[in-house]
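The block underneath contains the structure these notes are about, expressed in structure tokens.
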Amino acid sequence: MSRGLCGKVLGVPASGIVTIRDMKLTMTGVVGLESGDPDFDTPVHVKEAAVGALRENFTHYTPNSGIVPLREAIAKKLKEKNGMETNANTEIMVTTGGMGALFTATQAVLSPGDEVLVPDPYWTSNMMQILMAGGKGVSVPLEYSKETGFRLDPDSFMELITDRTRAIVINTPHNPTGMVASKEQLKALAEIAQDHDLYVFSDEPYEDIVYDGARHYSIGSFPGMKERTITAFSLSKTYAMTGWRIGYLAAPREIIEQAYKVQLYSVNGVNAIAQKAALAALEGPHDFLVDMVAEYKRRRDMIVERLNSIKIFECWLPQGAFYVFPRLVDVRMTSMEFVKFLLREGKMATTPGSIFGERGEGFVRFAYSFSFDYIQEAMDRIEGAILGL
Ligand code: PLP
């Protein structure tokens, strides 16, 4: 019965992944590659900072946009690493994960009926948050080829711009495809945004996870983009801190002022202990990243090779994040049916491409944020299950 409930929220579908999770809950011994949660531990010095905060009773309300030293450390990091000049007092807000950054920003910027261009396949929340803000997400199909995988074509954005278009979403490195946008592609999108006076929501939680010499670029650092770019960052993936729920938003002052109100009147602010931990993470050593990314690369190479040796998958080599998104070849099932089949017959859980948009149908997503042996076991199970096809 829906009388009296909010039409806007009712119109937002619950994620199809819930079907798989519910099925999984009724089973035992399932090997799952469906969730993008790093299996690494949060670095020791970060955990120590949190313990220290507790001991010092740093357990009270903090400024709603985050403690000053953390905002200053973020501004320094943005300048040195992302090439973005920001004012720590007016252009940065600490948020509850990258999700919190995207949520407060979309609520602050979008009005009912505003159209936002979203590359499809998309990370489900990138689309749903637009709907939650009353906006309309317009899918921009990514190009696909067997050799190069998915690719952003700036021209395809142009074709979909209307009088109602307010913004473009960019997520690089990309979930679910692992695609990394090149400098040229981002430059072309920056030009489109400037020519049509659009905002850019840039979602960059995987900024540190790139391979084979690929480079991550922040579109907010491009000339003329500062005043129109709203960037969401996260500590979740770089520092294996998904459960700490901490990230940050970098945006023009007038947007931060509105996003601040959204945060103030929803969650008030961010967990004090997590903020101290985040400060230690940003200021501490980053040498662990080399080994972490090398290990992800080792897993990527293995999973791509294993998948390509199974006749029903066509899998290219993604250059970032920790997902592979192979195409299903000659499988007479939807991606959801196939994933249910794998779970039933192989006790192996993964994510159907269809939950990532229309363009995701016919693909499946595997996260390789799990140990090498665990991924091997998952591949063995797929091989076993498809013998019955
Ligand atoms: N953006 C993308 C593309 C993601 O995949 C995720 C998490 O999986 C996030 C943002 C948000 O992460 P968090 O809220 O944990 O910082």
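Take M99 and decide whether it is within 16 Å of the ligand (Cβ to nearest atom), open to solvent by 30 Å² or more (accessible area, probe 1.4 Å) and under 15 Å from E204 (Cα atoms). Spelling it out, M99 is indeed within 16 Å of the ligand (Cβ to nearest atom), open to solvent by 30 Å² or more (accessible area, probe 1.4 Å) and under 15 Å from E204 (Cα atoms).
I need the full set of residues from the stretch 351-369 which are among the small types (G, A, S) and in a loop (DSSP other than H, G, I, E, B), in order please. Result: G357, G362, S369. Residues considered: G66, G83. Of these, the only one that is of a type in the set (G, A, S) and open to solvent by less than 30 Å² (accessible area, probe 1.4 Å) is G66.
A single member of V138, V180 is under 24 Å from R327 (Cα atoms), buried (at least 18 other Cβ atoms within 10 Å of the Cβ), among the β-branched types (V, I, T) and away from the ligand (no atom under 16 Å from the Cβ), and it is V138. Go through the stretch 222-239 and give me each residue that's surrounded by 21 or more Cβ atoms within 10 Å (Cβ to Cβ) and away from the ligand (no atom under 11 Å from the Cβ). Correct list: F222, M225, T229, I230, T231. Residues in the stretch 69-80 that are open to solvent by less than 60 Å² (accessible area, probe 1.4 Å) and more than 16 Å from the ligand (Cβ to nearest atom) were compared, and the one that is nearest to S218 (Cα to Cα) is L78. Quick one: is E204 of a type in the set (D, E, K, R), open to solvent by 10 Å² or more (accessible area, probe 1.4 Å) and either at pLDDT 95 or above or within 16 Å of the ligand (Cβ to nearest atom) (or both)? The answer is no for E204.
The values are calculated or read from the model by the stated rules, or taken from the named source; none is laboratory data. Keep in mind that what you see is a predicted model, and the values were worked out from it rather than measured. Glycine also receives a Cβ, built like all others from the backbone with ideal geometry; neighbour counts cover every protein chain displayed. Only protein heavy atoms, including side chains, enter the accessible area calculation; ligands, DNA and RNA are left aside. Shrake-Rupley method; radii C 1.70, N 1.55, O 1.52, S 1.80 Å.
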